[in-house]
Amino acid sequence: MDGEPRALIRTESSGTELDDARAMYQDGYNGTGFRAELSDEEFSYRYTVAGGPDMTLRSSTFLGSITGTIQPENAYIVSWLLGGRGTMDVGHDEVTLMHGVPAMFPTGKPYAFDFADYRQNLVHFDAGFLERVAAEHEGLLPGPIHFASGVLPSPDALRRWNASVDEAARLIIRGEPTPLQLAEIDRRTAVALLDAFAHEGSGMPTVLLAPRNVRLRRAVERMHASAHLPIAPFEVAEEVGLTPRGLQQAFARQLGVTPTEYLRAIRLDRVQAELQQLGPDETTVAQVAARWGFTHAGRFSRSYAARFGEYPRNTLLR
């Protein structure tokens with residue numbers, strides 16, 4: 001969204017119909033199998049959203065019980081309970097939320113949840129935005145960020161996170177920020193998130209940090225950011241101001257591989273990450289391989305084993 005106007009949005013959904021609430025949450029969080037039931041409380045729900053395209057602050061109140069499976073798309077989400085109870089990733093790496101203590105939603109996989117009579121605050125980050133901030137702030141290559149499940153922030157990091165969210169709330173919910181102010185608070189809150197929650201990403205090879213390799217670095221960043229798209233090396237070369245032969249030579253000289261081999265390695269890494277996060281009851285090797293553009297099962301398995309020292313089915317079953 002860099003360079004584009006940041007339109008502030010504020011929306012609210014509320015009511016007293018259980019089926020309406022179930023449908024709204026299931027649709028909004030890419031969910032399946034939602035089941036909502038009444039509790040001892042008089043049922044009502046309220047869901048608010050405020051922010052821009054890169055970050056939104058949200059609140060959710062649900063006076064009843066709700067379970068199901070979700071897999072948020074194109075977003076990294078952190079939340080904390082103000083009341084009630086909630087458990088994420090039920091049956092796997094379960095995280096029981098504590099009042100006032102933020103926790104990251106699991107990423108890259110569907111997961112089950114179980115919540116009841118809760119009030120909750122959330123911050124949603126656009127995935128591409130947070131990945132770009134991570135690349136700038138930490139020297140990571142653009143690509144998925146894997147947050148450690150159930151790891152609490154340090155007290156100092158938690159204070160900085162809370163201060164950033166409080167500032168964002170004053171500006172976004174109660175104020176009228178300019179586009180520049182909105183961009184600044186989005187980035188500042190994203191940095192606070194990255195500093196607070198343990199995570200991993202793909203590090204930038206040292207050789208790419210040399211000023212003389214700026215075009216090669218841009219090519220590598222483009223490949224990481226667009227590995228899920230049908231991009232070709234000649235398109236990348238054109239974007240960074242090199243000829244296809246010049247790109248080939250730069251990759252061979254600095255990284256020891258061809259652009260096509262480098263792109264294939266990125267996609268193999270993404271396959272491994274998905275197989276590690278998902279289970280055999282959630283996906284198959286063939287489905288993940290197809291999602292990342294691999295068409296021949298035998299060649300894919302051999303390439304995977306050569307890179308990671310085991311066959312993909314062993315990664316999925318472990």
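The values are calculated or read from the model by the stated rules, or taken from the named source; none is laboratory data. Just so we're clear, the structure is a prediction, and the values are computed from it rather than from any experiment. Cβ atoms come from the backbone with ideal geometry, glycine included; neighbour counts cover every protein chain shown. SASA here: full protein model, heavy atoms, side chains in, ligands and nucleic acids out. Shrake-Rupley method; radii C 1.70, N 1.55, O 1.52, S 1.80 Å.
Against the test of being over 26 Å from ARG10 (Cβ atoms), surrounded by fewer than 16 Cβ atoms within 10 Å (Cβ to Cβ) and of a type outside the set (Val, Ile, Thr), the options GLY139, GLY143 yield a single qualifying residue, GLY139. In segment 15-38, the residues that are over 17 Å from ASP114 (Cβ atoms) form Cβ pairs under 6 Å with partners that are open to solvent by 40 Å² or more (accessible area, probe 1.4 Å) and not in a strand (DSSP E or B), at six or more places apart or across chains, as follows: ASN30/GLN71; ASN30/GLU73. The single condition among (1) at pLDDT 95 or above; (2) buried (at least 16 other Cβ atoms within 10 Å of the Cβ) that ARG85 does not satisfy is (2). For LEU63, are the conditions met, namely being over 19 Å from ILE77 (Cα atoms), touching a strand residue (DSSP E or B) at 6+ places or on another chain (Cβ under 8 Å) and surrounded by fewer than 19 Cβ atoms within 10 Å (Cβ to Cβ)? No, not satisfied.
Of all residues in segment 155-176, none are farther than 22 Å from THR11 by Cβ, outside any helix (DSSP H, G or I), open to solvent by less than 70 Å² (accessible area, probe 1.4 Å) and in contact (Cβ under 8 Å) with a residue 40 or more places away in the chain.
Where helices (runs of 4 or more DSSP H) sit wholly within segment 260-318, those with at least 1 residues that are out of contact with any Pro (no Cβ under 6 Å at 6 or more places or on another chain), open to solvent by 70 Å² or more (accessible area, probe 1.4 Å) and closer than 25 Å to VAL220 by Cα occupy 285-291, 297-308.
The condition of being surrounded by fewer than 13 Cβ atoms within 10 Å (Cβ to Cβ) and modelled with pLDDT of 95 or more holds for only one of GLY241, GLY246, that being GLY241. Filtering segment 223-238 to residues that are surrounded by fewer than 18 Cβ atoms within 10 Å (Cβ to Cβ) and in a loop (DSSP other than H, G, I, E, B) leaves SER226, HIS228, LEU229, PRO230, ILE231, ALA232. Only residues that are crowded, with 18+ Cβ neighbours inside 10 Å, touching a Leu at 6+ places or on another chain (Cβ under 8 Å) and assigned to a helix (DSSP H, G or I) were counted in segment 195-220, giving 6. Checked against the criterion of being farther than 30 Å from LEU216 by Cα and in contact with a Lys or Arg (Cβ under 9 Å, 6 or more places away or on another chain), the candidates SER164, SER154 yield just one match: SER164.
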